[in-house]
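Only one structure is covered here, and it is reproduced in the block below.
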Amino acid sequence: MYHSWPLLRRAPGRMLHSGAPALMLTISVALLAGLVAAGPLFARATANGSLERKLATVPAGSQLNQQAALGFVLPGPIWDETRAEVVRMLDGVPWLGPVVTEVWAASWQLELGKPVPFLGVGDQHRVAVLYHRTGAVQALDVVRGERGARGLWLPDGEAHGLGLDPGDEFQVGKTFSDGLDILGCSGPVAPVAADSQGRGTRTTSQSTVTLAGTYRTVADGRLPAGSYFSSIAARLPSDPAGCPTPPLLMIGDQETVLAALKGADEKPQWSFSAELTQEGRSLGRLGQAATAAQKFRLDASDPTSALRVVAAGQGVVPRVETGLTSLHDEAQADARAAAQQGRGIALAGAALGLAAVIMALRALSQRRRRENELLVGVGAPLPAIILAGVAELLLPVFAGAVTGFTAVYFAFVGFGPQSRLGPDAIVAALYAVGLVALVTLAGNAVVTLLQTHAIGRRLAGHESSRGRAGSGGPWLPLLLGATGLAIASVLTRDDRASYTDPLAAVLPVLVLSSGSLLTVRLAAAVAARVRRRSTTTPGSSIDRLILRGLRDTGLAVTDLVVVLSIGVGVLAYGLVSTSMVRASVQDKTAVLAGAVSTAHIPTSSGLGAGSGPHPALGQDLSVLWKTRAQLQPDHHDVDILVINPETFPAVALWGRGPDLAEARQALQTLGAPARGVLPALLIGIPGRETGLGGTVSIGSQEIPLIARADLTAFPGATGPTVVFDARSLFAHLDALDALGNVQNPSLAVNPGSQGTYTTWLWSTRTATALAAYLDRKDITPATITSIQQAQATPVLTSSRWAATYQVVLGLAALALAGLSVVVAVDRRVARAAPVDLVLFRFGIRPAHLIRLRAIELALTSLAALIALVPPLALLMLLLPRLVEPGPALAPALGFQIPLLPLALSALAAAGVTVVAVWAAARRSAALVPSEVLRDDR
Amino acid sequence: MTGETTNVTGRTAGLSNLVRIYRAVSGEVHALRGVDVDFPSGGITVIAGPSGGGKSTLLSILALRDRASAGTVTLLGADVTQAPQSVLKSLRRNSIAWVPQRPAHGLFPHLTVIENLLQAACIRGRTDGLEPTQTLELLGLTHRADATPGRLSGGEQQRLAVAAALTHAPALVVADEPTAELDDDNAERVLAALATVAAAGSTCVLSSHDPRALRRVPRVLHLRHGVLSAERSGSELPETRRTEAVIDSAGRLQLSPEALNLFPGRRARMELIDGKVVLEAPESSS
């Protein structure tokens, strides 16, 4: 019916020629679309980011049930068909990589009597285990022999000691007999005699194999050298002789090892495993793998399941080992927490974006008012009027939606929290953006409907209520009341909140709005009073007259000040809170991690830098000792940290805040003991003051101390802690040792001789570099931790991300404020056009007018910044109660005044002013006198 | 009342004892104080009078763009005084064409000249009367068919606004100062076009100060202070009238309203001829 209407045919392309209104609508829709799309993208990015961090912190070489992998362990001999079926089952689990097969001699674990596996050359026998794993032979660091040679591979030292060369034959087998002289790591191993083990059991069974070659090992002479083996160290078979090191491994390809196992009548232990692929490292895909893994876990205890049935009749009960389910559950919990962090901000962002769109639609409806009056006046059907309005907006709304989505998508890809978002997140974001577009078009339809209704009523003789002076409603008192209640709620809370608290997102906007409004109203009232009392005549310069004329254009300057103040304020809040949260996260990470990398090593003497409390290591290394103790008289459990105050400061992490800076300063107070009382630093111990003495019980020793400092935080001190200087404490222990009571851990040569103390090596090197350093020293650390693991603490990670999101919200608020200012300036210039025309005819140059407008806008901007000071100061006082990252972690977020974010905010306000001046100049230059006089604008 | 009416009275519209009162900041404004007038089918009527006399208000009520405070408005034989909005809207679409005082207010700024006329025709939904191309030709805008209103002069815009009203002209055409910005030739075109549609049966009611319009049209009503003070035919407009005028010490002369109306541009050429001062409008002497 309307297809022939020129109005409707022209509508879709109209905005292309509309300039400022089209741009304004496109920007506001882009803002709303971006802020709405950011919600699902943030949730997905944080989820994937949480997972990535969690996977990155899984210790290398840990057991299979800690890894992102699934494994089936079948202890005992199984048929070839069973092997194939198990591999097929594992292959069927989504997002897992190729199946790795392991098999080793396990009779000593599976048979009664625990026969000892051995290798033998003549009369010489060693405890040794036949071993195969997919890729193991290829990963060996070959010393002697040719790659690809058939046979078994032995450690070079062992082979040399046995006089074996590649190509030589030797025996492999198991024995119950004590007639064989079998050497283990610490001497001969005595197998149990066969006649106590059952009838018909051979005493010794063995087969002959060929030495294919020899391989290099680490310092212990057992673990094959190389990252392949160090990454599976925890999963290697244990030593049958009970040595703490891995067993002597006879490594070969599957065929050779199976033949040797058969020849030696060995019972094998099979293990089939597969790891999560790189493509599977998203929460959704990990969930799929975890679901399959969980099913297998349940199947392992269900005798009727396929997994149990496939091994039935072979005397084997399969065991499932996997870390997929626990990793998925933890990652999911982290993701939920992270998403919750951002929810409040996301809602605030959506509200802000919606406000921008509503403002743009209202401005557009003002421009279209005359046209709609014409249409209503000529009796055009309502559907046609609405359709024309909607059709005009299709292009800018589509452009805005695409721009907003694209900008936020690439922002996440470029800046994180995680760049891989996955198709699900993109689809969800696209739906959100589509909804934004629909809502905008529907909103325009509603605005048009309301406008035509009002016009129709006016034409029908019903007077508009707009002409009557409005009471305005008690909005300011209501706003002040709501703000006061929110502040009171924050102040009276016991716990510090974090971004999960919706108040964290809402309170800043409330405080900024009410504070700016109140400040502006008070200032206006004071200025009015001053003017009334002033006896001087108003300024008569031409500039003042022009400025006064510019002011009186029907749009209150105070409104501009408030809008700009709120926009800049939200940005300033975002920048300040981000800066403070990041600093706090850095401090808390420093406390959690202690140093960039830390290693739990057997003893300090193994470092080759001498024994004693201060071994001579490099500048980037420091040894310290830890133990648990009780602080008297309340038996308060504390950690003891024994450090070298000379090397510790350069190695430990000190964050950025005052609490850790104070701790660093306090190290200098750890002087020499006086009269047998050791100086100590107390961390997180309530009721203890500096200068007071005390006693700490370490094992059975009572150590007198005097508190040199009472601190709230210290690197590595995750609970109540007492810090001693190693020289002082160990000298004290040496004195006690003279009485035969205690060991000095710095003198211990093996871990068992250092009592309750554990030795740690802290470093500024990365965990990988520290591991390499220890490897060169032939030291196998029990654990190596890195700063990344501390940084991956979910609440810290999500707080950091939420703070960044707050900055995005601040930028959106500033954009909205800037848009409002530009629109208002545009309207002011339009309304002042007749004034401008008269001024031009009086000889005022356009440049002069623009300069005055620039001055007015600059003063408006300055007024906005001044109006911002009181509410922003209040917010900064409240900030620690709003956005504390990880409230349970020390040190607490303290009050700070970060200058750079404030300067950036002021710069942003200046930027908005420049844009507004440009808009005013452009609008002024576009005025046509004849149009102005005809009022045809 | 549906908006479609059957006129059996021989008159297109009628106003009976019409009163319109506005509420302003300064108090009440009595724009119309009891106006009685009929507008018979066909023909052209001009409402003349001083500014603020109520002309625009009367035209707005006649065009169903305003409601009377009291009195009766009949259109095409039906009383529309209290008609609901839907009926008024239908009548505005089907039975009334409106030319606003500011022509830009009656045009779609992004449509070309021909598209504006086509749009008016689409909304009106009529096929009788002047086609858009005919109206364009009648008002001398054929050569500007593809221009948008922003590229037209003030006079061209005014002609376009008139053309939009006259395209497939309905029963009643109401125009507020349709010749205000036009020179003689174009004013003549407009008046001729109005005469054409009037001859075809439409009733045209204009407000005007323009003596060219006042002389041309058959019926002129004078509205002063909200009251019809006189009614005469255009031919009855006196060519000469003798009145006294006051000359103040500064040499300024105050003309009577009738004399003032002869100078719509508020400029006069003054000649001293045989001891007489002759004033005439600059346009009339070119």
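The values are calculated or read from the model by the stated rules, or taken from the named source; none is laboratory data. What you see is a predicted model, and the numbers here were worked out from it, not measured in a lab. Quick reminder, even Gly has a Cβ in these numbers, built from the backbone with ideal geometry, and neighbours come from all protein chains shown.
I'd like the full set of residues that are aliphatic (A, V, I, L, M) and at the interface with chain A (Cβ under 10 Å from one of its Cβ atoms), limited to the stretch B:68-86.
B:ALA68, B:ALA83
Residues checked against (1) over 15 Å from B:VAL205 (Cβ atoms); (2) within 13 Å of another protein chain (Cβ to nearest Cβ):
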residue: B:ARG11; (1), (2): no, no
residue: B:ALA31; (1), (2): yes, yes
residue: B:THR57; (1), (2): no, yes
residue: B:SER90; (1), (2): yes, yes
residue: B:ALA104; (1), (2): yes, yes
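If you go through the stretch A:608-618 one residue at a time, how many are surrounded by fewer than 16 Cβ atoms within 10 Å (Cβ to Cβ) and either aliphatic (A, V, I, L, M) or at pLDDT 80 or above (or both)?
1
Quick check: anything in the stretch A:376-386 in contact with a Ser or Thr (Cβ under 6 Å, 6 or more places away or on another chain) and more than 13 Å from every other protein chain (Cβ to nearest Cβ)?
yes
Give me a count of the residues in the stretch A:98-152 that are modelled with pLDDT of 90 or more, charged (D, E, K, R) and assigned to a loop (DSSP other than H, G, I, E, B).
4
Out of the residues in the stretch A:1-31 meeting the condition of being within 14 Å of another protein chain (Cβ to nearest Cβ) and of a type in the set (A, V, I, L, M), tell me which one is farthest from A:VAL822 (Cα to Cα).
Residue satisfying both the conditions and the ranking: A:MET1.
Quick one: is A:GLY342 farther than 23 Å from A:PRO794 by Cβ, of a type in the set (Gly, Ala, Ser) and in contact (Cβ under 8 Å) with a residue 60 or more places away in the chain?
Answer is no for this residue.
Keeping to the stretch A:62-72, report how many residues are surrounded by fewer than 19 Cβ atoms within 10 Å (Cβ to Cβ) and either at pLDDT 90 or above or in a loop (DSSP other than H, G, I, E, B) (or both).
Residues in the stretch A:62-72 being surrounded by fewer than 19 Cβ atoms within 10 Å (Cβ to Cβ) and either at pLDDT 90 or above or in a loop (DSSP other than H, G, I, E, B) (or both): 2 in total.
Which condition from (1) under 36 Å from the mean Cα position of the chain (by Cα); (2) surrounded by 22 or more Cβ atoms within 10 Å (Cβ to Cβ); (3) over 23 Å from A:LYS588 (Cβ atoms) is the one that A:LEU705 breaks?
(1)
Looking at A:ALA595, A:ALA652, A:ALA599, A:ALA666 in this structure, which one is modelled with pLDDT of 90 or more and under 27 Å from A:LEU900 (Cβ atoms)?
Being modelled with pLDDT of 90 or more and under 27 Å from A:LEU900 (Cβ atoms) holds for just one of A:ALA595, A:ALA652, A:ALA599, A:ALA666, which is A:ALA652.
Could you tell me whether the stretch B:130-147 includes any residue that is within 17 Å of A:GLY379 (Cβ to Cβ) and part of a helix (DSSP H, G or I)? Full working, then the answer.
Taking the stretch B:130-147 as the starting set, the residues that turn out to be within 17 Å of A:GLY379 (Cβ to Cβ) are none.
No.
Restricting attention to the stretch A:619-664, which residues are buried (at least 21 other Cβ atoms within 10 Å of the Cβ), over 22 Å from A:TYR773 (Cβ atoms) and free of Cβ contacts under 8 Å to residues at least 60 places away in the same chain?
A:ALA663
What residue, of A:PHE405, A:PHE410, A:PHE398, is in contact (Cβ under 8 Å) with a residue 60 or more places away in the chain and hydrophobic (A, V, I, L, M, F, W, C)?
From the options A:PHE405, A:PHE410, A:PHE398, the qualifying one is A:PHE405.
Please note which strands (runs of 3 or more DSSP E) are completely contained in the stretch B:28-99 and include at least 1 residues that are in contact (Cβ under 8 Å) with a residue 60 or more places away in the chain and among the small types (Gly, Ala, Ser).
Values: elements: B:44-48, B:70-75, B:96-99.
Result: B:44-48, B:96-99.
Restricting attention to the stretch A:168-187, which residues are surrounded by fewer than 23 Cβ atoms within 10 Å (Cβ to Cβ), under 18 Å from A:TRP104 (Cβ atoms) and modelled with pLDDT of 75 or more?
A:GLN171, A:GLY184
Spot the failing condition for A:SER365; the list is (1) within 14 Å of chain B (Cβ to nearest Cβ); (2) surrounded by fewer than 22 Cβ atoms within 10 Å (Cβ to Cβ); (3) under 21 Å from B:ALA104 (Cα atoms), and only one is missed.
(1)
Restricting to the stretch A:256-268, name every residue that is surrounded by fewer than 22 Cβ atoms within 10 Å (Cβ to Cβ) and either more than 49 Å from the chain's Cα centre (by Cα) or not charged (D, E, K, R) (or both). Give the steps one after another, and end with the answer.
Looking only at the stretch A:256-268, we keep the residues that are surrounded by fewer than 22 Cβ atoms within 10 Å (Cβ to Cβ), and these are A:256, A:258-259, A:262-263, A:265, A:267.
Selection gives A:THR256, A:LEU258, A:ALA259, A:LYS262, A:GLY263, A:ASP265.
Taking the criterion of being surrounded by 21 or more Cβ atoms within 10 Å (Cβ to Cβ), at pLDDT 90 or above, touching a strand residue (DSSP E or B) at 6+ places or on another chain (Cβ under 7 Å) and not basic (Lys, Arg), would at least one residue in the stretch B:149-164 satisfy it?
Yes, that holds for at least one residue.
Being within 14 Å of chain B (Cβ to nearest Cβ) and among the small types (Gly, Ala, Ser) is the filter; apply it to the stretch A:387-399 and report the residue that is surrounded by the fewest Cβ atoms within 10 Å (Cβ to Cβ).
Only one residue fits best here, namely A:ALA391.
Give me a count of the residues in the stretch B:107-129 that are within 12 Å of chain A (Cβ to nearest Cβ), in a loop (DSSP other than H, G, I, E, B) and among the polar types (S, T, N, Q).
Initially, the stretch B:107-129 is screened for residues within 12 Å of chain A (Cβ to nearest Cβ), giving B:107-125.
Applying the additional criterion that residues be in a loop (DSSP other than H, G, I, E, B) yields B:107-112, B:125.
Still in the running and among the polar types (S, T, N, Q): B:112.
Adding up the residues that qualify gives 1.
Determine, yes or no, whether A:THR210 is in contact with a Lys or Arg (Cβ under 9 Å, 6 or more places away or on another chain) and modelled with pLDDT of 80 or more.
It is true that A:THR210 is in contact with a Lys or Arg (Cβ under 9 Å, 6 or more places away or on another chain) and modelled with pLDDT of 80 or more.
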